Every structure is written in structure tokens, then in C-alpha cells.
Amino acid sequence: MMKKLFNCLIALLLISHIAYSQTNNDSSYDYVKAFKTDFYSSSPTEYRSVSGKPGHKYWQNRADYNITVELDTLSDIVMGKEIIRYTNNSPDELDFLWLHVDQNLFKEESRGNAIIPIDGSRNGSKGQKLDGGFKISAVQIIPERGSKSRSIIDVEYEVYDTRMKVILPEPLKANGGKLSLKIDFSFLSPDYGSDRMGILRTDNGKIYTIAQWYPRMCVYDDLRGWNILPYTGQGEFYLEYGDFNVNITAPSDHIVLCSGELLNPLETYTLEQLNRWEQAKASDETVMIRAPEEINDPGSRPTNSEMITWRFKMENARDVAWASSSAFILDAARINLPSGKSSMAISAYPIESYGNNAWERSTEYTKASVEHYSERWFEYPYTTAINIAGNVKGMEYPAVSFCYYNSKGAGLWGVTDHEFGHNWFPMIVGSNERLYGWMDEGFNTLINYFSTQAFNNGEYKTRIGESLRYAAYMFTKEGLEPIITAPDNLIEANMGLQYYKTGMFLLLLRKHVLGPKRFDDAFRSYIHRWAYKHPSPDDFFRTMEDVSGEDLGWFWRSWVMNNWQLDQAVTGVKYVDEKPENGAIITIKNMKEIPMPVKLEITTASDKKMEVKLPVEIWKKNIEWSFVVETNEKIKKVEVDPKYEYPDINGKNNIWISSED
């Protein structure tokens, strides 16, 4: 008996194998691979919960900055000093500290310069030869209050390309140990700084857009310890949160704008301008603070000294950036926040950017963008939202955006909305941009889609997301890197994958898998859970699954972890008992690696149309699937994805048409 059972089992296995092989001979779909269990390669910890929330012992370190700098407009040099108050909340003693010294990208011998191709790049200094990089003149530890030593200690430091290692005289204690690190530095600003900073020369003076301008603490976290990947220009940033006090001294004819709240407006603006600021604080319409005709008017600036120091404060932020110029037109309006609080939308731009549906609308755009995201996702936390025109095509910092001075109309709306959307990703939700660019660029692209549809009754409304057939060739063609790929490992021409492919698959998840409410609830929960913290991809995946109640391993595997393709096909139609009046049997097939729910439109001989929806579960153990449609007449046409809502790589097999037509 046992022998018979064994032989039957062998026979069944052979038949199953043959059946699988025959079914799979023209399809590359592997349901075992697609729906493989245990998607997560790492287990949850006490720091990061299985639910996707921060764990009950979650920690992150903190860096508070006091920075004082002066801008020399003759030499384009920024010089100054900073005191970093660093708190080690980790369970580990730290023998040394790592800092980013990103200006070193502009040294001639930098790694970033070495990898710029012959035909050029967005990264680097566009061929400008300059004595770039940080000049570090002192690195010191300031003794703690109550410590035995009262003298400032010079400490050893080593610079490796865009990282600086500070050797501590004694380990920094775990679980709350603190120290104050003082660094004196200067750097020569490049004209073009990897499209993230630079100097624009206008008819009325230079516009300095200044970023990556002070040595910044690297993140020490529970996932990788010190995050010390070098800055080569393409990958962005991963930074600790803290409070900033920033003092910037510039010529008195300059207006300086910086992340955060200006603490000394009485010293930096005229009485007339202060009155206009008060009007702007109460206005939903844009108020001119410094009008175009006032740019060269000495009366538009305080004149009691050659230099003015501007003092700013920014709380609970991961970075600050600033701009300075004598050429600025300045305007502002109130931002209304859901809690009843308010912020200020501010724009600064040269006369070259004024008029013809250009930067005179920047404050309107900024206000609308911030109000939309605050209402829909998470309230904007900063006192200002400042859009600055310069030679940077588009770059984001907390409460400050640098956008291209020649942008106008839909282009200016798009770049303004995108850069301010970054205040949610990664400024509020502090993911690791250097490793996972898709977690800020793609998430931001998604929310930009909704804000653009909503702005001014759809003034710049786009149809992106309605028809995605074209996207298959852009985002899933063979040879493209998977979304999970770190930015520095992406071919530069493929950097758009982080933005648009991620935005696309999130729209697919929202519309076709979870539905709008479940998706929005889960996505909003992710933002609130990880505000001012450092989420990993798994934290995002787990949160979306936890809140939505769906196992989405197959989805993440298909769209994030691999560069797979989607191809759903209609392979046949026949009738029950060969009689149309008994109903039709329709067969569909998954031809490529990605499983997705199925939508079909069925047209009968009398032109009656029926819609059929099938869940993704039909692909859990099948390459091909047949189902019955109740009809009493012949079928004229069957089409899968009739509205082109999927990035299906092969539209030719999406349609079956009766040979009788």
C-alpha cells in the first residue's frame, strides 16, 4: 500500500512539473518567486517595531549648532566658526566622531570630481577651477560645565575627501553623553555648486545661494553605526536633528534670508519695510516688501554701517541654508495652518525674474503648496517658507528652496511645489537620502501629484497617473536599476527613476491595490510615526502593511527590489458547452514577472459592455487563469487594462477580438 502511494505521489509530481513547464513555456512569471514568504530580511528589534513604528527603545543622536559666519563679496569667501553641541543617545560609547565636510567636493582632487564623465554632469562645479573645499583652522572641544578642566582642548582630526574624523581624548559616554565641538572654517563658494548652491550674477549684483556650508555631524544610528558614505554630488544627505542659532554678517546693501525665524528685524529692515512685513503677516495676498523700483534705492536698506549681522533661529531641523544679495525683490504673504497657527511665504528674486507670469507668483505658489500639504498630511512646522531665485535649477532645504531664476508659469509652479514638498520628505520624515533617494524624491513626487491637481482649480493639472501604458518603456525596460539602488549607484540619466517610477508605483498601490482611503491612512501614519526620526525602507513597508491590513511583500518585491515587468494578456475565449447562451470562459495569462490585480472590459455582440475585476490572488499559484462570464450572446472583444492604467510592457496582447468581426 505504501509503495502504491509513493508511486502515485511521484506520478503526481511529474505531472505537476510537466503541467507547470507547459504552462510556463511563453511566460517568465514565477508565482513562487513573486509571492515568496518572509519578505523581510531583517527582524524587528527593540529600536524598530514589527508594526513599522519606532520601537519602545528607539533612539537617535542630536546635534545643536551655533554658527557665526561672514560673507566676503569681493572674494566670494564664507568664513566663520561653529559650536556643535552633540548628544550621544546611543547605547554605545563613541571613541571618535564623523562629520560631513561637503565643500570638499569642489577640491580638484575630490572623488566627486574624479567621476565626472567627459561629456559633463549635473554634479561638480561645471569645470570651474577654484581653490575649493573647507579650510579648517581649528577643531577644539569646549569643556563641560562642572568639569575639572576649564581649558579648551585642541583635538586631532583627519580629513578623508568629504568626511572628517575627530579623535576624542576620551570616549563620549553612551545614553546621553554630551560634548561641545568648536570648528573654525572657511571656503570659497563655487559659481555652480553641483546644482545645490552657487552664485548668480545679475544686473544689480550677485545672488549667493549657500548650502553645505558648515561641517555637519554624520548620523550614528542603530542600522549602520556611522553613516559615512562620501558626498560625490549625486547622492543627497542624511543628517541629525537639532536647534540652530545662525549669525550671518553681510554687506549692508544685502538682504539675507535663512532657514528659521529672523531675530533682529529692527536692525536689518527699514521702518517702511517693517510696516510691510506686518501687512504681509495678515494678508492672504502677496505684499511687496521691497519693490522692483526700490532695488537700487539706498533708502531701501539701513545705512548706518557697512556690514549688518542677521540673526536667525531654527528649531528641530536637520539643516539650514541661506541666501544673500543686493539684487533681491522681496515679497510675502501669510500661510494659514490647520491648527490656527500661521507661517510666512516669502520670495526673493532679481528683476530678471519679474513679470510675465514668473516669480511675482512665487509666493502664491509657495503658500498654496505648504497649505495643501499641511492640511492633507502633516502640519508645516516652520515659521517661514522661503523661495529664492538663483542659478540652482531646484534644491530643497528646511524652510528654504533654491529655484531657477528663469522659471515661470507651470515650470515655476512645478519646481516650487516639488522643493517645498521636500519639507515633508526628508526634512520632517528624516530618511537616508544618500542610500534611499526614492524615499524622499518618490514620496514627494506622489504628494506633488495631488497638490498640482488641486492648485487654483487645476490651473496646471496634469494627466500623469491617468494613462500609464507609456511608463512601461520608461521605467521597466530591461537594464534599468531597481528602485532600491542607492543614488550613487544609478546612471545619472536614470536618476529620474527615484522620482517618477516611485510616484507611479505608489499611485498604483493607492488606486488598484489598497484604495484611496486605506492608502492615505497608512501613508499619513508613516509620516506621523516617523516625523523627526530616521525611518528605513522596512519601517515604511511595515507601516503600510500594518495600517492597511495587507501583506504587500509581493508588491515591494515587484516594484522596489527588482526591475521587473508587467504584462497581462488575454489568451482565449470559448463558450460553456460551446453555447454562447450558457456563458463565456475567458482565459488570461501573466506573461512577465509582476503580478497585479486585473481589470477587464468585455464587449458582447450587441455592444453591451461589462467590467470584471479580479484580485491579485489569482496569480498566487497560477500563471494562467480562466473564469466564467454570465452572458447569453457571443463575445466580440475582451480587453485587459482598457483605460491604460497599468505600465503594461506589451499592449498588443491585451486585446482579444472575435474572428467573426
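The values are calculated or read from the model by the stated rules, or taken from the named source; none is laboratory data. Note that the structure is predicted; figures quoted are calculated from it, not measured. A quick note on method: Cβ atoms are made from the backbone with ideal geometry, for glycine too, and the neighbour counts reach across all protein chains shown. Keep in mind that these areas ignore ligands, DNA and RNA; they rest on the heavy atoms of the full protein, side chains included. Shrake-Rupley method; radii C 1.70, N 1.55, O 1.52, S 1.80 Å.
To the nearest whole percent, what portion of all C-alpha pairs in the range 386-449 is separated by more than 13 angstrom?
On the way: 1189 of 2016 pairs.
The share of Cα pairs beyond 13 Å in the range 386-449 comes to 59 percent.
Provide the convex hull volume over Cα atoms per residue for the range 353-476, in Å³. All intermediate terms of the calculation are to be shown ahead of the outcome.
Values: hull volume 14.8 nm³, N = 124.
Measuring per residue, one finds 120 Å³ for the Cα hull of the range 353-476.
For Kirkwood radius over Cα pairs in Å, one of [x] 29.3; [y] 26.6; [z] 27.6 was computed from the structure I shared and the rest are decoys. Which label?
Among [x] 29.3; [y] 26.6; [z] 27.6, the one calculated here is [z].
Can you list the equivalent-ellipsoid semi-axes of the range 120-271, largest first and in whole Å, using the square root of 5 times each Cα gyration tensor eigenvalue?
Working through the eigenvalues yields semi-axes of 31, 23, 15 Å.
Send over the per residue convex hull volume for the range 509-661, Cα only, as a whole number of Å³.
Hull volume over Cα atoms, normalised by residue count, gives 121 Å³.
Using only the Cα atoms of the range 155-198, build the gyration tensor, take square roots of its eigenvalues as a ≥ b ≥ c, and label the shape rounded, prolate or oblate: rounded if a/c is under 1.5, else prolate if a/b is larger than b/c, else oblate.
Because a/c hits 1.5 or more and a/b exceeds b/c, the range 155-198 counts as prolate.
How much of the accessible area of the chain, in percent, comes from carbon and sulfur atoms when a 1.4 Å probe is used?
Here it works out to 51 percent.
Any idea what % of Cα-Cα pairs in the range 324-396 are farther than 16 Å?
Of all Cα-Cα distances in the range 324-396, 50 percent exceed 16 Å.
Quick check on the chain: helices-only [θ] at 222 nm, where DSSP H runs of length 4 and up contribute -39,500 (n - 2.57) each and the sum goes over total residues. Nearest 500, please.
-6000 deg cm²/dmol
With axes computed from alpha carbons, what is the tilt in degrees of helix 409-421 against the longest principal axis of the chain, rounded to the nearest 10 within 0 to 90?
That helix lies at roughly 80 degrees to the long axis.
Treat every Asp and Glu Cβ in the range 454-550 as -1 and every Lys and Arg Cβ as +1, leave all other atoms uncharged, and give the resulting dipole magnitude about the Cα centre to the nearest 20 debye. Each step should come with its number before you reach the end.
Details: 13 positive and 13 negative charges, 83 e Å.
The dipole magnitude comes to about 400 debye.
If you average the alpha carbon positions of the range 642-661 and of the range 281-330, how far apart do those two centres end up, in angstrom?
58
As an exercise, take the mean of 1/r over every pair of distinct alpha carbons in the range 197-288, invert it, and state the Kirkwood radius in angstroms. Kindly include the intermediate steps, with their values, before the conclusion.
Numbers: mean 1/r = 0.0580 Å⁻¹.
The Cα-based Kirkwood calculation yields 17.2 Å.
Where does the range 77-193 land on Rg/Rh, using Cα atoms and the Kirkwood Rh?
So for the range 77-193, dividing Rg by the Kirkwood Rh gives 1.07.
From the Cα trace of the range 98-144, what convex hull volume per residue do you get, rounded to a whole Å³?
Per residue, the Cα convex hull of the range 98-144 comes to 91 Å³.
Quickly rank 491-501, 101-111 as a protection proxy: mean count of other C-beta atoms within 10 Å, highest first.
Ranked from most to least packed, the peptides come out as 101-111, 491-501.
Could the peptides 596-603, 438-445, 123-130 be put in order, highest first, of the mean number of other beta-carbon atoms found within 10 Å of their residues? Mind dumping the intermediate values first?
Values: 596-603: 19.8, 438-445: 25.0, 123-130: 15.9.
Sorting 596-603, 438-445, 123-130 by mean packing, highest first, produces 438-445, 596-603, 123-130.
Measuring with a 1.4 Å probe in the full set of protein chains, what accessible area per residue, in whole Å², belongs to the chain?
Details: 27980 Å² over 661 residues.
Here the residues of the chain average 42 Å² of exposed surface.
If you line up the long axis of helix 438-454 against the longest principal axis of the chain, both from Cα atoms, how many degrees apart are they, to the nearest 10?
90
Going by a ≥ b ≥ c, the root eigenvalues of the Cα gyration tensor, does the range 68-113 fall in the rounded group (a/c under 1.5), the prolate group (a/b larger than b/c) or the oblate group? The partial results should precede the final answer.
On the way: a/c = 4.98, a/b = 1.58, b/c = 3.16.
In terms of gyration-tensor shape, oblate.
Bins of 10 Å, beginning at zero and ending with the bin holding the largest distance: percent of Cα pairs per bin for the range 251-355, please.
Pair shares across the bins are 14, 46, 33, 7, 0.
Using the alpha-carbon atoms, what tilt in degrees (0 to 90, nearest 10) does helix 537-548 show relative to the longest principal axis of the chain?
60
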